[in-house]
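Have a look at the structure below, then the notes.
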Amino acid sequence: MIHLGPVEQTIILKLTSGVAPEVLEVTNESHMHSVPPGSESHFKVVVVSKQFDGRRLVQRHQMIYSILADELAGNVHALALHTYAPDEWVEKRYKTPNSPNCFGGENRS
């Protein structure tokens with residue numbers, strides 16, 4: 001059983017009701033950054049929704065930012081957003097790029 005933190009659960013609930021996604025993947029990537037263990041500050045979010053049809057990338061991201069405004073004003077420091085209309089998701093072959101490693105804090109090279 002996978003344990004989801006309260007912030008991750010909230011993100012999933014809000015996006016599910018906010019954009020009716022066909023695909024929703026929320027990944028807590030906080031462990032890849034210089035934050036304390038158990039943090040919920042950095043997330044990768046993949047959303048595939050018909051509501052993105054005909055919308056530019058900026059408009060899609062604005063929709064997500066609006067839905068998650070409270071979380072972004074709180075503990076969530078970063079969202080790696082990957083937003084697709086259903087046809088685009090098929091063209092991408094259902095894949096998103098991997099997030100880069102963090103070079104901040106003690107991870108600087």
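Computed from the coordinates by the stated procedures, all read-outs in this text should not be read as laboratory data. Given the structure is predicted, the values throughout are model-derived calculations rather than measurements. We place every Cβ from the backbone using ideal geometry, glycine too, and count neighbours over all the protein chains shown.
Compute the helix-to-body angle for 57-67: its Cα long axis versus the longest principal axis of the chain, expressed 0 to 90° and rounded to tens.
70
Only bridges whose two residues both fall in the chain count here: according to DSSP, what percent of them are antiparallel, nearest 5?
Taking every DSSP beta bridge with both residues in the chain, the antiparallel ones total about 45 percent.
Could you order peptides 44-50, 94-100 by the average number of other Cβ atoms within 10 Å of their residues, highest first?
Those peptides, ordered most packed to least, come out 44-50, 94-100.
Only four residue types carry charge here, +1 at the Cβ of Lys and Arg and -1 at the Cβ of Asp and Glu. Report the dipole size of the chain about the Cα centre in Debye, rounded to the nearest 20.
280
Label point 7 Å out from Ala69 along Cα-to-Cβ: which residues of the range 1-35 have amide N under 19 Å?
Once the point is set 7 Å along Cα→Cβ of Ala69, 10-20 turn out to lie under 19 Å by backbone N, inside the range 1-35.
Expressed as an acute angle from 0 to 90° and rounded to the nearest 10, what is the orientation of the C-alpha long axis of helix 6-19 relative to the principal long axis of the chain?
10
Report the gain in length on full extension from Gln51 to Glu91: 0.36 nm times residue separation, minus Cα-Cα distance, nm rounded to one decimal.
12.7 nm
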